[in-house]
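Please read the structure below before turning to the comments.
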Amino acid sequence: MDTTKRAGPNRHDIAEALRQTASGSVHMAGEERYDAARQPWNTTINPSPAIVVEAIAPSDVRAAVRVAGEYGLRVAVQGTGHGADPADGALMINTAGMNTVHVDASRRVARVGAGATWGDVIGQAGRYGLAPLSGSSPTVGVAGYTLGGGHGWLSRTYGFAADSLVRAHIVTSGGQLCTADAENNPELHWALRGGGGNFGVVTDMEVQLYPVSSVYGGMLLFDSMPSTIASYRDWALGQPDEMNTALMMMPIPDVQGVPEPIRGKRVLALRVCYLGDAERAERLLSPLRDAAGPPLMGELTDMSYTYLARDMIDPPPPQSNRGHLAMYQQLPDAAIEALNDAAGQPADTADSPVKVVEIRHFGGAMARPSHHAGPVGGRDASFCVLVSAPLDGLEQPQVNAVDTYMDALAGRLDRHATGGSFLSWLPHPSKIASAYSPDDYQQLQAVKATYDPTNLFGYPNIAPTQES
Ligand SMILES: Cc1cc2nc3c(=O)[nH]c(=O)nc-3n(C[C@H](O)[C@H](O)[C@H](O)COP(=O)(O)OP(=O)(O)OC[C@H]3O[C@@H](n4cnc5c(N)ncnc54)[C@H](O)[C@@H]3O)c2cc1C
């Protein structure tokens, strides 16, 4: 970025320049609506942009990007704020007001504004018997999720959400509004399908929808046993693409109001979304049910995709945590042992600070990209493992102890992992290259040099290729 222009830009001048050109509201730090406009869903981060623009039209985005370029401010984009951009001193473009959704059932696409959430799309698509490739929470934004790869309920069947990005309209550096699709700016279209918010600000996008109206699914909660992860691994590796599952291990608090069968227990939650009939699903699931024992709670049943993906889920409250991600082709026994220790089983390892261990079954259609698929990594992985330890309410010495534990756990897990990562769940922005193959990362840097040579956009950031 050209830092010469950065020396002491006068915030009042910048805000004034924006107010003259943008129709949405503009707020500087210290002004009345500033806090509300920068407030993210993820309240564990406290973004501190110099200025926030509440964009209501593509022309606002263009105005903001032009002004940011002129004054050398980094651009931070916030649709819902599920990500973790600290936006420190940046010009934040809040797109929450641009949340239109239009479903074109004949083309099986949804055209969505930059601020739309999956909940907005799932309901509208469901009226036509169609489903988007949404993920575990309906409050997540379509734009950030799709640009970052997007793994969800239907990914083993239809692939990553990024691969189903048909078209985007995007304001790139200099304030140009470009179309990116298979015919227009195809290299930008490729980069957007997994390269995150590094190339500009998407004003709207078209995403492919799929003919999924009803599924067999839900959640079963089992008593957690050390042997179940290995049983899940062996079972999952033989499943067809129609079977989408994830396994979660977590302690349930021993407090009033929690249903008796799970109260105070370490449970194992199996989430299922099967595209087919109940009888076949149960035949496929039966070896896993045998290994896990009778469920403590929960059920699998025929349900609409809308219910499974939007209404069944209670989005978790944001928590500050220390997380780690590792991807595996086989999930060897040594990694499973580390996960069992982290999940506090057997009981003599119950002092682990880890509260959630999640294993998502990858593979299927994700591993078979079409020849013009995007750069999303993790296609060689069969399992994506996420572990997290909460930090809320801890004093610094306890935080240090969590860090020490997590460093050791990461060492044990990484020893057997592919070394790859996934942009949406990147444990640290410095690890961004690990989310791609080396060739794709180089290509992303080249596309970045074309569309954002001064590096205005992107957190986590891909730096443009330097001219030699
Ligand atoms: C509760 C929860 C559940 C999740 N579940 C899943 C899941 O099942 N599968 C999965 O793959 N991921 C999941 N994620 C991760 C999620 O996909 C990423 O955090 C994603 O970046 C969130 O996008 P957003 O638009 O909601 O958030 P925001 O914080 O608004 O945006 C995040 C980033 O996306 C980019 N971005 C957003 N909008 C634009 C735009 N218009 N133009 C350019 N760049 C933009 C920017 O870089 C921005 O910093 C989950 C996250 C949470 C907190």
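The values are calculated or read from the model by the stated rules, or taken from the named source; none is laboratory data. Owing to the predicted nature of the structure, the values given are computational and were not obtained by experimental measurement. Glycine gets a Cβ as well: all are built from the backbone with ideal geometry, and neighbour counts include every protein chain shown. Ligands, DNA and RNA are stripped out before the accessible areas are found, and what is left, the full protein with its side chains, is counted by its heavy atoms. Shrake-Rupley method; radii C 1.70, N 1.55, O 1.52, S 1.80 Å.
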_Given the criteria under 30 Å from ASP277 (Cβ atoms) and of a type in the set (Lys, Arg), does ARG127 qualify?_
yes
Among residues of the stretch 34-49 being of a type in the set (A, V, I, L, M) and closer than 19 Å to SER23 by Cα, the residue most open to solvent (accessible area, probe 1.4 Å) is ALA36
For the stretch 129-151, pairs from a residue that is more than 10 Å from VAL207 (Cβ to Cβ) to a residue that is more than 6 Å from the ligand (Cβ to nearest atom) and among the basic types (Lys, Arg), with Cβ under 7 Å and 6 or more apart or across chains, are LEU130/ARG108; PRO138/ARG310; HIS151/ARG360
(1) within 16 Å of the ligand (Cβ to nearest atom); (2) over 22 Å from the mean Cα position of the chain (by Cα); (3) modelled with pLDDT of 95 or more all hold for GLY149 apart from (2)
**Q.** Any chance THR404 is in contact with an Asp or Glu (Cβ under 9 Å, 6 or more places away or on another chain), polar (S, T, N, Q), open to solvent by 60 Å² or more (accessible area, probe 1.4 Å) and more than 27 Å from ALA269 (Cα to Cα)
**A.** no
* Asked: Would it be correct to say that PRO369 is crowded, with 21+ Cβ neighbours inside 10 Å and under 24 Å from PRO438 (Cβ atoms)?
  -> no
Picking from PRO464, PRO453, the residue that is more than 14 Å from the ligand (Cβ to nearest atom), of a type outside the set (Asp, Glu) and in contact with a Lys or Arg (Cβ under 8 Å, 6 or more places away or on another chain) would be PRO464
Taking the stretch 190-202 and the residues there that are outside any loop (DSSP other than H, G, I, E, B) and more than 7 Å from the ligand (Cβ to nearest atom), the one that is farthest from PHE457 (Cα to Cα) would be TRP190
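Every residue, every condition in (1) over 28 Å from GLY148 (Cα atoms); (2) in a helix (DSSP H, G or I); (3) out of contact with any strand residue (DSSP E or B) (no Cβ under 6 Å at 6 or more places or on another chain); (4) open to solvent by 10 Å² or more (accessible area, probe 1.4 Å), yes or no:
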| position | (1), (2), (3), (4) |
| --- | --- |
| HIS12 | yes, yes, yes, yes |
| ALA64 | no, yes, no, no |
| VAL77 | no, no, no, yes |
| PRO86 | no, no, yes, yes |
**Asked** Just to be sure, is GLN239 away from the ligand (no atom under 16 Å from the Cβ), polar (S, T, N, Q) and modelled with pLDDT under 95?
**Response** no
Reported set for the stretch 420-433 where residues are open to solvent by 60 Å² or more (accessible area, probe 1.4 Å) and either over 15 Å from GLY323 (Cβ atoms) or not in a helix (DSSP H, G or I) (or both) is HIS428
Selection from the stretch 379-401 of residues touching a strand residue (DSSP E or B) at 6+ places or on another chain (Cβ under 7 Å) and open to solvent by 10 Å² or more (accessible area, probe 1.4 Å) yields SER382, LEU386, SER388, PRO390, LEU391
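Can you name the residue in the stretch 129-146 that is over 14 Å from the mean Cα position of the chain (by Cα) and crowded, with 24+ Cβ neighbours inside 10 Å and is also nearest to the ligand (Cβ to nearest atom) among such residues?
This residue is PRO132.
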Residues in the stretch 88-128 that are of a type in the set (Gly, Ala, Ser), near the ligand (Cβ under 10 Å from one of its atoms) and part of a strand (DSSP E or B) total 1
Exercise. Within the stretch 198-218, is there a residue that is more than 23 Å from HIS102 (Cα to Cα), out of contact with any Asp or Glu (no Cβ under 9 Å at 6 or more places or on another chain) and open to solvent by less than 40 Å² (accessible area, probe 1.4 Å)?
Worked result: no
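Considering the stretch 395-431 alone, what residues qualify as being within 16 Å of the ligand (Cβ to nearest atom) and free of Cβ contacts under 8 Å to residues at least 40 places away in the same chain?
Those that are within 16 Å of the ligand (Cβ to nearest atom) and free of Cβ contacts under 8 Å to residues at least 40 places away in the same chain: HIS428, PRO429, SER430, LYS431.
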